[in-house]
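Take a look at the structure set out below.
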Amino acid sequence: MEQKKLRVGIIGAGGIARTVHIPSYLSLKDQVELVAITDVQPKHAQAAAEQFSIPYVYNDASRMMQEVELDAVSICTPNAFHRELTIEALHAGCHVLCEKPPAITVEDAKQMEAAAKETGNLLTYGFHYRHSPEVETLRRFVDEGELGEIYHVRVQAIRRRGIPGWGVFTNKELQGGGPLIDIGVHMLDTALYVMGFPEPATILGQTHRKIGTKEGVGLLGEWNWQQFSIEDMAVGMITFKNGASLTIETAFAANVKEQDHMNVSFFGDKGGADLFPLSIYQEKHRTLLDITPVYLPTYNHHEREIKHFVDCCFRLEQPLATPEQGVVIQRLIQGLYQSAESGKAIQW
């Protein structure tokens, strides 16, 4: 018997929907039927529907979910709307892939987790780096004990002049913050995933607004410096109850050499590693070794994430990124911001 296709709707017709979610679903034409799209700006929804031949177009997500039979949705809106739309979609009978971060506040993320448990529908978040070949490979090495005890991790997500000149990325009210909640959250999640999500103990953070609040050269378009309400850099340290530590540096704009640097470095008592590009450092047989892959599979980890979500919908299995982990990530992000604001360490 031919498998019934998963009927998918898209909520939010912005860049992440048009460049990642929609093309990835369309690449799974044997499994997925992309049937509807909605955006509060009708012209954006209509343009995406015409570009990708999506039959039903709405400017109201509630109407879309009431009038169109859907099995799953991708939520690709600004962060401030994640909680409300996710909860509504779950109660409408849909499985949900919500873009990262989970939301703006910890309470939001907890309510989203509770709705998933209450409805029995799947909820996951767009932490697509988990599906990269580098992370999948390093996880195997870590699981086999090649790094030993990971006692420290360094997280970096830094752009030289990469303040987005489009969308609402510099609007704190709609996004909840700047580089920490946008790009830093990706590398933070990746670090915790490889570490096995140890329980945090203390959080200390600091934020800076030194470049984004004045005119400057923009490598991702010109930003509106007069309405720049986020941090342009955030740094912090997290300690864990198992004795491990983590430092994070993340910036949309910093005076550094590289235009874009995303990496996680792991320090273990039997070995260390850098993720991007993947290298493992060990001492064996009285020799210091650098281990670099001769071959890693090449694939689009956005597409791999969408494929994983679709497969989990059919199998009714929780995807890799769980609602519970989403709450942990949200607590850490909020804790770093709260620490920066108060000037004090936050206890878990």
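The values are calculated or read from the model by the stated rules, or taken from the named source; none is laboratory data. Computed from a predicted structure; not experimentally measured. Glycine gets a Cβ as well: all are built from the backbone with ideal geometry, and neighbour counts include every protein chain shown. When the accessible area is computed, the model is the full protein with side chains, heavy atoms only, and any ligands, DNA or RNA have been set aside. Shrake-Rupley method; radii C 1.70, N 1.55, O 1.52, S 1.80 Å.
How do the pairs read when you match residues in the range 241-261 that are on the phi > 0 side of the Ramachandran plot with residues anywhere that are open to solvent by 40 Å² or more (accessible area, probe 1.4 Å), using Cβ under 7 Å and keeping only pairs 6 or more apart or on different chains?
As it stands, the answer is Gly243/Tyr151, since those pairs meet every condition given.
Quick one: what pairs do we get from the range 268-279, first residue without any contact (Cβ under 8 Å) to a residue 12 or more places away in the chain, second open to solvent by less than 50 Å² (accessible area, probe 1.4 Å), C-beta under 9 Å, 6+ apart or different chains?
Filtered contacts from the range 268-279: Asp274/Asn263; Asp274/Val264; Asp274/Ser265; Asp274/Phe266; Asp274/Ile280.
Would you mind stating whether Glu146 is more than 23 Å from the chain's Cα centre (by Cα) and under 28 Å from Ser265 (Cβ atoms)? Show your work before the answer.
Details: more than 23 Å from the chain's Cα centre (by Cα): yes; under 28 Å from Ser265 (Cβ atoms): yes.
Yes; evaluated as a whole, the condition is true for this residue.
Please tell me if Ile16 is open to solvent by 20 Å² or more (accessible area, probe 1.4 Å) and either within 20 Å of the chain's Cα centre (by Cα) or in contact (Cβ under 8 Å) with a residue 24 or more places away in the chain (or both).
Details: open to solvent by 20 Å² or more (accessible area, probe 1.4 Å): yes; either within 20 Å of the chain's Cα centre (by Cα) or in contact (Cβ under 8 Å) with a residue 24 or more places away in the chain (or both): yes.
So Ile16 passes the test.
Among the residues of the range 286-297, is any under 21 Å from His186 (Cβ atoms) and either among the hydrophobic types (A, V, I, L, M, F, W, C) or in contact with a helix residue (DSSP H, G or I) (Cβ under 8 Å, 6 or more places away or on another chain) (or both)?
Filtering the range 286-297 for residues under 21 Å from His186 (Cβ atoms) gives 296-297.
In the following step, the residues that additionally are either among the hydrophobic types (A, V, I, L, M, F, W, C) or in contact with a helix residue (DSSP H, G or I) (Cβ under 8 Å, 6 or more places away or on another chain) (or both) were identified as 296-297.
The answer is yes, given that some residue of the range 286-297 is under 21 Å from His186 (Cβ atoms) and either among the hydrophobic types (A, V, I, L, M, F, W, C) or in contact with a helix residue (DSSP H, G or I) (Cβ under 8 Å, 6 or more places away or on another chain) (or both).
Quick one: what pairs do we get from the range 178-201, first residue more than 17 Å from Val135 (Cα to Cα), second of a type in the set (Val, Ile, Thr), C-beta under 6 Å, 6+ apart or different chains?
Note: pairs meeting the criteria are Gly178/Ile230; Pro179/Thr250; Leu180/Thr250; Ile181/Ile333; Pro200/Ile238; Ala201/Thr239.
Does any residue of the range 47-56 turn out to be closer than 20 Å to Thr86 by Cβ, surrounded by 14 or more Cβ atoms within 10 Å (Cβ to Cβ), modelled with pLDDT of 95 or more and of a type in the set (A, V, I, L, M)? Show your work before the answer.
Within the range 47-56, the subset closer than 20 Å to Thr86 by Cβ is none.
There is no residue in the range 47-56 that is closer than 20 Å to Thr86 by Cβ, surrounded by 14 or more Cβ atoms within 10 Å (Cβ to Cβ), modelled with pLDDT of 95 or more and of a type in the set (A, V, I, L, M).
When you go through (1) outside any loop (DSSP other than H, G, I, E, B); (2) of a type outside the set (S, T, N, Q); (3) within 20 Å of Ala321 (Cβ to Cβ); (4) open to solvent by 10 Å² or more (accessible area, probe 1.4 Å) one by one for Val194, which number turns out not to apply?
Status for Val194: all satisfied but (4).
Between a residue in the range 58-72 that is free of Cβ contacts under 8 Å to residues at least 40 places away in the same chain and any residue that is open to solvent by 20 Å² or more (accessible area, probe 1.4 Å) and hydrophobic (A, V, I, L, M, F, W, C), which pairs come within a Cβ distance under 7 Å, given they are 6 or more apart or on different chains?
Asn59/Val40
I need every pair where a residue in the range 109-126 that is farther than 22 Å from Val310 by Cβ has its Cβ under 9 Å from the Cβ of a residue that is modelled with pLDDT of 95 or more and basic (Lys, Arg), sequence separation at least 6 or different chains.
From the range 109-126, the pairs are Ala109/Arg83; Ala109/Arg331; Gln111/Arg83.
In the range 300-348, what count of residues is obtained for those that are more than 28 Å from Pro133 (Cα to Cα), open to solvent by 30 Å² or more (accessible area, probe 1.4 Å) and of a type outside the set (Asp, Glu)? So that I can check it myself, show each step before the final result.
Here is the first cut: in the range 300-348, the ones more than 28 Å from Pro133 (Cα to Cα) are 334-348.
In the following step, the residues that additionally are open to solvent by 30 Å² or more (accessible area, probe 1.4 Å) were identified as 334, 337-338, 341-348.
Next, only the ones that are of a type outside the set (Asp, Glu) stay: 334, 337-338, 342-348.
Qualifying residue count for the region: 10.
Determine, yes or no, whether Asn263 is over 20 Å from the mean Cα position of the chain (by Cα) and surrounded by fewer than 20 Cβ atoms within 10 Å (Cβ to Cβ).
Values: over 20 Å from the mean Cα position of the chain (by Cα): no; surrounded by fewer than 20 Cβ atoms within 10 Å (Cβ to Cβ): yes.
No: the conditions fail for Asn263.
Restricted to the range 65-87, and to residues that are more than 25 Å from Pro179 (Cα to Cα) and buried (at least 18 other Cβ atoms within 10 Å of the Cβ), which residue is nearest to the chain's Cα centre (by Cα)? Walk me through it before giving the result.
Step one: of the range 65-87, the residues more than 25 Å from Pro179 (Cα to Cα) are 65-73, 87.
Adding the requirement that they be buried (at least 18 other Cβ atoms within 10 Å of the Cβ) leaves 65, 70-73, 87.
On the way: Met65: 24, Leu70: 24, Asp71: 22, Ala72: 19, Val73: 17, Ile87: 19 Å.
This residue is Val73.
Specify which of the listed residues (Gly218, Gly167, Gly205, Gly184) is at pLDDT below 95, of a type in the set (Gly, Ala, Ser) and either more than 19 Å from Asn79 (Cβ to Cβ) or crowded, with 21+ Cβ neighbours inside 10 Å (or both).
Working: Gly167 fails: either more than 19 Å from Asn79 (Cβ to Cβ) or crowded, with 21+ Cβ neighbours inside 10 Å (or both); Gly205 fails: at pLDDT below 95; Gly184 fails: at pLDDT below 95.
The unique qualifying residue is Gly218.
Looking at the range 95-108, which of its residues are free of Cβ contacts under 8 Å to residues at least 40 places away in the same chain and within 22 Å of Leu180 (Cβ to Cβ)?
The initial filter retains those residues of the range 95-108 that are free of Cβ contacts under 8 Å to residues at least 40 places away in the same chain, namely 96, 98, 107.
Listed by number, the residues that qualify are Cys98, Glu107.
Listed residues Gln156, Gln226; which is outside any loop (DSSP other than H, G, I, E, B), without any contact (Cβ under 8 Å) to a residue 24 or more places away in the chain and closer than 30 Å to Gly12 by Cα?
On the way: Gln156 fails: without any contact (Cβ under 8 Å) to a residue 24 or more places away in the chain.
Step by step, each of Gln156, Gln226 is checked, and only Gln226 is outside any loop (DSSP other than H, G, I, E, B), without any contact (Cβ under 8 Å) to a residue 24 or more places away in the chain and closer than 30 Å to Gly12 by Cα.
Filter the strands (runs of 3 or more DSSP E) completely within the range 34-140 down to those with at least 3 residues that are within 30 Å of Trp348 (Cβ to Cβ).
Values: elements: 56-58, 72-75, 95-98, 123-125.
Result: 95-98, 123-125.
Go through (1) open to solvent by less than 60 Å² (accessible area, probe 1.4 Å); (2) touching a residue at least 12 places away in the same chain (Cβ under 8 Å) one by one and return the number of the condition Thr292 breaks.
Result: Thr292 fails condition (1) only.
In the range 19-46, which residues are of a type in the set (D, E, K, R) and open to solvent by 30 Å² or more (accessible area, probe 1.4 Å)?
Here is the first cut: in the range 19-46, the residues of a type in the set (D, E, K, R) are 29-30, 33, 39, 43.
Once the filter is applied, which keeps residues that are of a type in the set (D, E, K, R) and open to solvent by 30 Å² or more (accessible area, probe 1.4 Å), the range 19-46 yields Lys29, Asp30, Glu33, Lys43.
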